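Participant: Sharing a structure below in structure tokens format, with a few things to ask.
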Amino acid sequence: FVVTDDGGGIDLLVDTDGKVGVNCATPSAQVDIRGDAGTGTGSAGVLRLSTAELTVADSDQLGRIEFIAPLEASGTDAILVGASIYAEADDTFAADNNATDLVFATGASEAAAEKMRLTSGGDLETTTKGKVYSKGNCVQSSFHSSLIFGY
């Protein structure tokens, strides 16, 4: 299946192996998105996840990637979402605000839950008693609460 542009270039291709190429005549992965030739950001392939939400409020998700093994024969926990990465609004969006956190969720014996967050301000936060906690210019070990690096 091939969709071409007005100049005969391939816009979309689904090959006989089920691989999908976007702007790519020879996809080398299940989905291969190829940017245009050139330099800078204009040459990058872009996968855009978006929301149809008209009023983005604090905690709304803008897009999400999930990692799962739904056919795992063990069932139960094995078929739950094992990990995900999602963009979450950090505040209600406005003409002068689109504050968004990037959230990393992983599972151990449950559906993936948030374990780490990169905030809109650039701070890295963990939500569990992880080994290292970083915020701003400071790094703190949860092993030794008195061990703090920063300036």
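The values are calculated or read from the model by the stated rules, or taken from the named source; none is laboratory data. From a predicted model like this one, the values you see are computed outputs, not experimental measurements. Here Cβ is always computed from backbone atoms with ideal geometry, including for glycine, and neighbour counts include all displayed protein chains. Remember, those area values only see protein heavy atoms, side chains included, never the ligands or the DNA or RNA. Shrake-Rupley method; radii C 1.70, N 1.55, O 1.52, S 1.80 Å.
Participant: Cα atoms only, segment 1-129: Rg and Dmax in Å?
Facilitator: Cα-based Rg and Dmax for segment 1-129 come out at 18.9, 57 Å.
Participant: Over 5 Å intervals from 0, what percent of Cα-Cα pairs in segment 1-44 sits in each interval?
Facilitator: Here the calculated profile for segment 1-44 is 6, 25, 26, 22, 15, 5, 1.
Participant: Going by average Cβ neighbours within 10 Å, how do the peptides 48-55, 100-107, 71-78 rank, with the highest at the top? Before the final figure, lay out the partial values.
Facilitator: Working: 48-55: 8.2, 100-107: 18.1, 71-78: 9.8.
So the order, starting with the most tightly packed, is 100-107, 71-78, 48-55.
Participant: How much accessible surface area, in Å² rounded to 10, belongs to the heavy atoms of Lys19 with a 1.4 Å probe?
Facilitator: 60
Participant: Let me ask something additional. Any idea what log10 I(q)/I(0) is at q = 0.17, 0.26 Å⁻¹ for segment 4-76, Debye with uniform C-alpha scatterers and no solvent?
Facilitator: With no solvent term, the Cα-only Debye profile gives -0.90, -1.13.
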